[in-house]
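The values are calculated or read from the model by the stated rules, or taken from the named source; none is laboratory data. Quick caveat, the model's predicted, so the values are computed rather than measured. Every residue, glycine as well, gets a Cβ built from its backbone with ideal geometry; the counts of neighbours run over all protein chains shown. For the accessible areas, the whole protein counts, side chains as well, though only heavy atoms, and no ligand, DNA or RNA atoms are used. Shrake-Rupley method; radii C 1.70, N 1.55, O 1.52, S 1.80 Å.
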Amino acid sequence: MNETTKDKPTSAPPPAKKGFSGLHVFGVVLLTIVATVGVGYWWLSHYVFPENFDPVTLNASEQNSLNNKLNSLGIDTQGGESGRPLQPEPYSEEGARREVHFSERELNSMLANNTDLAQRLAVDLSDNLLSALLLVPLEEDFPLLGGRTLRVNAGVELSFANGRPLVKLRGVSLMGVPIPNAWLGNLKNVDLVNEFGANPGFWQSFAAGVDYIQVEDGRLLVRLKE
């Protein structure tokens, strides 16, 4: 009995359990707080309290091209300071242009000339999509966010199919959060021309007057009917 007991090997102590120490836990909590603050600051600075846009400024060649387009549409780009007296002329549609095209920079440059929209609205053109970014200043007495500026994004699909223009609201976002379709009158991804063009009004007149429309990366083209 004694020999058997002495010959029996002594069992090794169980390995120590590994885990997070108090310092590790503190580090994880600290990193989580820093990440949360960083993401929160980015979200607030980009969507809740964004800075104004930098207005687009065209170079001399681009401005001259835009002026020619506007002049062809009957828009005076000289501000009535050409010095030449206005001459009467007979009306004629012979040789008149029915096609209008603008680049994304030209559209934003025209917005920049409007003092109310210069730093508040920017337009983006991509394939079949016109997007707008709008900064909305809030009144001082607005609850919680009084005196701040909100960022609103909107996208509209513009194309031409089956002999008529196609217009669809892709969506609207407020502070980076998409607004529910129900709040938009269930108009998201609805062909507005098809939905409302059957009745007399804006959409019927709009469709009847457009011969072709195309939005591509950085360019808008509209051709009108006779």
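Here are the numbers for this structure:
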read-out	value
Among (1) touching an Asp or Glu at 6+ places or on another chain (Cβ under 7 Å); (2) within 19 Å of ASP127 (Cβ to Cβ) - the single one VAL222 does not satisfy	(1)
Single residue of ALA182, ALA161 found to be farther than 30 Å from LYS225 by Cβ and modelled with pLDDT of 90 or more	ALA182
Residue match in the stretch 134-146 (condition: of a type in the set (A, V, I, L, M, F, W, C), within 27 Å of GLU195 (Cβ to Cβ), modelled with pLDDT of 90 or more and under 21 Å from the mean Cα position of the chain (by Cα))	no
Matching entry among LEU121, LEU187 (being of a type in the set (A, V, I, L, M) and either open to solvent by 50 Å² or more (accessible area, probe 1.4 Å) or more than 22 Å from ARG105 (Cβ to Cβ) (or both))	LEU187
Filtered residues of the stretch 185-207 (kept if in contact with a Pro (Cβ under 8 Å, 6 or more places away or on another chain) and either among the small types (Gly, Ala, Ser) or at pLDDT below 90 (or both))	ALA207
Helices (runs of 4 or more DSSP H) wholly inside the stretch 19-115 that include at least 2 residues being at pLDDT 70 or above and either small (Gly, Ala, Ser) or open to solvent by less than 100 Å² (accessible area, probe 1.4 Å) (or both)	60-72, 104-112
Lone unmet requirement of (1) within 17 Å of the chain's Cα centre (by Cα); (2) without any contact (Cβ under 8 Å) to a residue 60 or more places away in the chain; (3) closer than 21 Å to VAL100 by Cβ for PRO178	(3)
